[in-house]
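Novice: I am attaching a structure below and will ask some questions about it afterwards.
The values are calculated or read from the model by the stated rules, or taken from the named source; none is laboratory data. Just so you know, these numbers come straight off a predicted model, no measurement behind them. Every residue, glycine among them, receives a Cβ derived from its backbone with ideal geometry; neighbour counts consider all protein chains shown.
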Amino acid sequence: MSDDLIHAPAQYQAAFQKSPGYWSGVMRRFRRDPVAMIALCVVLALILMAVFAPLVAPADPYRASMLRRLRPIGTEGFPLGTDELGRDMLSRLIYGGRLSLLMGVTPVFIAFLIGSVIGITAGYLGGKVNSVLMRTIDVFFAFPSVLLAIALSGALGAGIFNGLLSLTVVFIPPIARIAESVTTAVRRIEYVEAARASGASSFTIVRVHVLGNVIGPVFVYATGLISVSLILASGLSFLGLGVKPPEPEWGLMLNTLRNAIYVQPWVAALPGLMIFITSISFNLLSDGLRSAMDLKS
Amino acid sequence: MTPESAPLLQVNDLTKHFPLSGGFFGRSAGVVRAVDSISFEVAAGETLGIVGESGCGKSTTARLLVNLIEPDSGQIILNGKRVGGEMSVRDMRRQMQMVFQDSYASLNPRLTMEDSIAFGPHVNGMPRNKALALAHDLLSRVGLEPRRFAGRYSHELSGGQRQRVNIARALAFSPKIVILDEAVSALDKSVEAQVLNLLADLKSELGLTYVFISHDLNVVRHMSDRVMVMYLGKIAEIGPVDALYSAPAHPYTRALLAAMPSMDPDRRTMEPPLTGDPPNPINPPAGCRFHTRCKFAQDVCGEEQPVLHILPHALHLAACHAHIPHSGHSGLEARA
């Protein structure tokens with residue numbers, strides 16, 4: 001019968017109309033959004049800057065000098081001034097991006113993987129499995145996220161790894177909850193019922209019909225969390241629970257420079273400005289993704 | 001349709017009550033009697049129409065038939081084999097497929113039409129190439145040129161085209177029975193007619209049996225051999241389409257038919273045949289469930305639940321005390 005349709009002559013193959021896929025449509029709409037594109041460029045620039053910090057930074061971020069402490073912005077040789085130990089601010093900000101971005105992105109990414117699995121499992125299976133998983137998640141929800149991060153880091157001890165771990169734990173509950181609610185909604189849509197009526201196993205239905213329709217909104221939500229993670233990580237460093245001196249990290253730099261706020265307010269505000277730019281870029285990026293993924297727009 | 005032969009599908013005392021979990025610990029705060037002990041048969045090759053108001057249990061019945069919802073009790077016997085007993089649910093689903101009302105929600109927006117249709121056969125062990133070839137064959141069978149439509153996504157198709165794809169998907173298993181749950185209700189009238197014609201053609205070509213669920217009495221009359229009228233999870237009346245439309249026995253069926261829009265300006269419906277909403281299915285009225293809205297209701301109707309009773313004409317059954325001799329009801333014509 002129609003096997004000849006698959007192994008058809010060339011003129012048939014040429015006539016076959018394959019629509020562009022969903023993700024290529026998302027890309028097309030995303031590229032038309034100027035705000036999202038600018039945000040994407042800023043994020044990429046920040047990432048490149050952090051990755052190639054040794055090549056980009058004009059000076060050694062660790063070299064201190066008591067003779068040139070707290071120079072203002074625009075000082076010769078130190079375009080963004082110096083910090084309280086006389087280290088080059090520009091170089092420290094560039095190097096600081098490495099740890100700050102690491103602590104902003106990694107916990108969210110790991111929490112995205114773990115939270116999605118928990119949320120999709122709970123949402124698709126429903127019933128008792130859902131109750132057990134989601135009520136456990138709710139226990140973590142009972143704590144304010146800042147408090148939870150501080151408590152976990154405090155209990156585990158200061159350090160980058162413990163900071164990452166505690167931030168990951170903080171972000172699993174909200175991501176799991178979003179994944180659960182989206183999955184619960186998708187599970188009731190008729191194409192999933194039709195797939196069940198075709199006798200497919202739960203795993204296959206989740207893989208083919210649920211995952212693709214759930215992961216998008218969850219991913220958008222997770223990118224929005226990157227900025228929160230960045231701020232929380234900076235907060236941990238600010239409290240002395242994350243990164244330890246003399247490592248450059250924006251939150252920690254903000255902390256140590258706060259004593260200099262009356263002497264050199266502009267220099268002291270620079271790490272905060274970096275946190276602000278980074279987090280707002282991630283937020284705008286996730287907004288742009290959200291509207292690009294909306295099929296109705 | 002030969003009434004003597006064993007029916008293709010037989011449903012015995014099918015019941016589904018949905019618990020309302022209200023309390024903190026999931027205490028049940030009552031049950032919705034969505035489908036309450038209904039029994040019917042579908043013969044091979046016929047079309048059974050199911051009609052009724054919203055919330056009467058039509059769609060729940062459809063979902064129970066293909067086991068998308070687990071029934072509380074009752075038997076579904078397909079081809080003489082009990083589903084869940086001699087026949088597994090998986091085997092049943094190869095013989096009984098369903099088309100849903102919402103053509104858009106029925107198709108995964110991330111899948112092409114060929115993938116949507118090929119999914120079922122593929123997960124049941126057909127190699128992907130063969131499943132795709134089958135999908136192309138089915139697309140042309142439902143009147144969609146495979147070259148144009150196989151690679152499309154659902155949002156690029158019109159409602160009628162999407163519903164054709166859904167029909168193709170249901171046919172991918174070569175089922176014996178297709179359950180059409182309001183399958184044409186959401187379509188424009190002109191498109192609806194085309195899809196109905198397609199369904200009629202497919203039925204004769206492939207020797208299908210339909211369970212055709214709709215709230216549109218004209219469409220049901222056009223499509224069905226027999227019609228079943230449901231009210232609040234119960235069967236009010238079931239019978240051959242001509243007998244049921246020309247001589248409706250149950251007052252509810254009469255009211256439904258009287259509510260049909262007429263094309264004749266001289267036969268306008270002047271007074272509403274039925275007023276009010278159906279009672280709450282959580283606490284259905286005692287006795288006959290229709291007695292609260294029935295203008296023929298008498299004392300017995302509020303006390304005793306009527307059973308389906310065979311009317312003088314063969315194969316026409318109604319659950320109404322007025323037709324049951326010695327029930328204590330003086331009959332429909334007495335007060336009317």
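Novice: Inside the stretch B:286-336, can you point out the residues that are modelled with pLDDT of 80 or more and among the small types (Gly, Ala, Ser)?
Specialist: Within the stretch B:286-336, B:286, B:287, B:297, B:302, B:318, B:319, B:322 meet the criteria.
Novice: For the stretch A:160-176, how many residues are surrounded by fewer than 24 Cβ atoms within 10 Å (Cβ to Cβ) and either over 16 Å from residue A:120 (Cβ atoms) or facing chain B (nearest Cβ under 10 Å) (or both)?
Specialist: Qualifying residue count for the region: 7.
Novice: Look at the stretch B:90-100 and say how many of its residues are more than 8 Å from every other protein chain (Cβ to nearest Cβ) and in contact (Cβ under 8 Å) with a residue 12 or more places away in the chain.
Specialist: 4
Novice: Could you pull out every one of the helices (runs of 4 or more DSSP H) wholly within the stretch A:177-247 that has 2 or more residues that are among the polar types (S, T, N, Q) and more than 14 Å from chain B (Cβ to nearest Cβ)?
Specialist: The helices (runs of 4 or more DSSP H) meeting that bar are A:211-238.
Novice: Something else about it: What is the number of the single condition among (1) more than 8 Å from every other protein chain (Cβ to nearest Cβ); (2) in a loop (DSSP other than H, G, I, E, B) that residue B:105 does not meet?
Specialist: Just one mismatch for residue B:105, condition (1).
Novice: Still on this structure: Looking only at residues that are out of contact with any helix residue (DSSP H, G or I) (no Cβ under 6 Å at 6 or more places or on another chain) and in a loop (DSSP other than H, G, I, E, B) in the stretch B:183-195, which one is nearest to residue B:44 (Cα to Cα)?
Specialist: Out of the qualifying residues, it is B:183.
Novice: A further question follows. Identify, please: which residue in the stretch B:281-332 is β-branched (Val, Ile, Thr) and assigned to a loop (DSSP other than H, G, I, E, B) and is, among those, farthest from residue B:39 (Cα to Cα)?
Specialist: B:292
Novice: Being assigned to a loop (DSSP other than H, G, I, E, B), at pLDDT 75 or above, touching a Leu at 6+ places or on another chain (Cβ under 6 Å) and away from chain B (no Cβ under 14 Å) is true for just one of A:70, A:80. Which residue is that?
Specialist: Testing whether each residue is assigned to a loop (DSSP other than H, G, I, E, B), at pLDDT 75 or above, touching a Leu at 6+ places or on another chain (Cβ under 6 Å) and away from chain B (no Cβ under 14 Å) leaves just A:80.
Novice: Could you list all residues from the stretch B:158-174 that are part of a loop (DSSP other than H, G, I, E, B) and more than 10 Å from every other protein chain (Cβ to nearest Cβ)?
Specialist: Correct list: B:158, B:174.
Novice: Okay, moving on. Name the residue that is nearest to residue A:97 (Cα to Cα), counting only residues in the stretch A:51-72 that are surrounded by 15 or more Cβ atoms within 10 Å (Cβ to Cβ) and in contact with a helix residue (DSSP H, G or I) (Cβ under 7 Å, 6 or more places away or on another chain).
Specialist: Among those that are surrounded by 15 or more Cβ atoms within 10 Å (Cβ to Cβ) and in contact with a helix residue (DSSP H, G or I) (Cβ under 7 Å, 6 or more places away or on another chain), it is A:53.
Novice: To continue, here is another question. Which one is surrounded by the most Cβ atoms within 10 Å (Cβ to Cβ), of the residues in the stretch A:277-293 that are more than 15 Å from residue A:23 (Cα to Cα) and of a type in the set (A, V, I, L, M)?
Specialist: It comes out as A:285.
Novice: Which of the following residues is in contact (Cβ under 8 Å) with a residue 60 or more places away in the chain and part of a helix (DSSP H, G or I): B:198, B:202, B:132, B:180?
Specialist: Answer to the check: B:202.
Novice: Now for a different question. Going by the structure shown, is residue A:98 under 30 Å from residue B:150 (Cα atoms) and touching a helix residue (DSSP H, G or I) at 6+ places or on another chain (Cβ under 6 Å)?
Specialist: no
Novice: Could I ask something else about it? Out of the residues in the stretch B:13-34 that are small (Gly, Ala, Ser) and assigned to a strand (DSSP E or B), which is modelled with the lowest pLDDT?
Specialist: Per the stated criteria, the residue is B:28.
Novice: What is the residue count in the stretch A:248-268 for residues that are of a type outside the set (A, V, I, L, M) and assigned to a loop (DSSP other than H, G, I, E, B)?
Specialist: Count: 4.
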